[in-house]
1. Kindly sort 96, 89 by accessible area of their heavy atoms, largest first, with the probe set to 1.4 Å.
2. Accessible area of residue 73, 1.4 Å probe, to the nearest 10 Å²?
3. I'd like to check one number: the per residue accessible area of the chain, probe 1.4 Å, reported in Å² as a whole number.
4. Using 7 Å Cα-to-Cβ label points, what is the residue 119/residue 154 separation (nm, one decimal)?
5. Determine which residues of the stretch 84-111 fall in the zone a paramagnetic label at residue 132 would reach in this model, i.e. backbone nitrogen under 15 Å from the point 7 Å along Cα→Cβ.
6. Report the label-to-label distance for residue 142 and residue 96 in nanometres (one decimal), using points 7 Å from each Cα along the Cα→Cβ vector.
7. Summing +1 for each Lys or Arg and -1 for each Asp or Glu, what net charge is found among the other residues whose Cβ lies under 12 Å from the Cβ of residue 118?
8. With everything on Cα atoms, drop me the angle between helix 2-14 and the longest principal axis of the chain, reported from 0 to 90° to the nearest 10.
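The values are calculated or read from the model by the stated rules, or taken from the named source; none is laboratory data. Just so it is clear, the model here is predicted, and its values are computed rather than measured. For neighbour counting, all protein chains shown are included, and Cβ atoms are generated from backbone atoms with ideal geometry for every residue, glycine included. We work out accessible area using only protein heavy atoms, side chains counted, and drop any ligands, DNA or RNA first. Shrake-Rupley method; radii C 1.70, N 1.55, O 1.52, S 1.80 Å.
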Amino acid sequence: MYFAITLLVSAATLAPLALAGNAIVQNACTDPVYLWSVGGSVGERQTIDPGANYTETTHYDYVSGGIAIKITRTENGMYDGSPQTNFQYALTDHLYYDLNDVYGDPFSGSTLVVRPSIDTCNTICWGGGVRAMVTSQTEACSTDTDITLTLCAESC
Ligand SMILES: *[C@@H]1O[C@H](CO)[C@@H](O)[C@H](O)[C@H]1NC(C)=O
């Protein structure tokens, strides 16, 4: 009994083992998108067809701390320098999330929205598919929230 309690306590101290939710990428565009979930290692390429979702359980990565879901519009995009949208989160005492682009703006001209399932947490919306603000906007919500990034959303 004592041993079991010690294990629980040390696991809780080492790892932010909080309640998790889902990180979802919803493809509302008319073409497939490609994504890689990257933490301490790079996940397999996922092809998300129009109208389909990609879902992963939010988790803590012991090597990188946070996760970047890297999204491109070309099949080999992560490896050929194509414009990339990074949907990033870190699950610790809260779920921290943000959105940024590198190598260009793959969804320029359409709308990107990150919406948490908990209403009181902030939505991130890029009306023209590019970030309007100069600085990155990192938001925080409780750990059990789902966060959904909609690509080519109808509106903010
Ligand atoms: C995709 O996720 C959204 C938001 O969580 C949900 O409303 C929608 O029903 C899902 N679509 C599919 C095809 O699973």
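1. Result, largest first: 96, 89.
2. Looks like 90 Å² after rounding.
3. Here the residues of the chain average 53 Å² of exposed surface.
4. In this crude spin-label approximation the distance works out to 1.9 nm.
5. The answer is 109-111.
6. Here the modelled spin labels are 2.1 nm apart.
7. Working: positive: 115; negative: 119, 139, 144, 146.
After counting each charged neighbour, the total is -3.
8. Orientation of helix 2-14: about 30 degrees from the principal axis.
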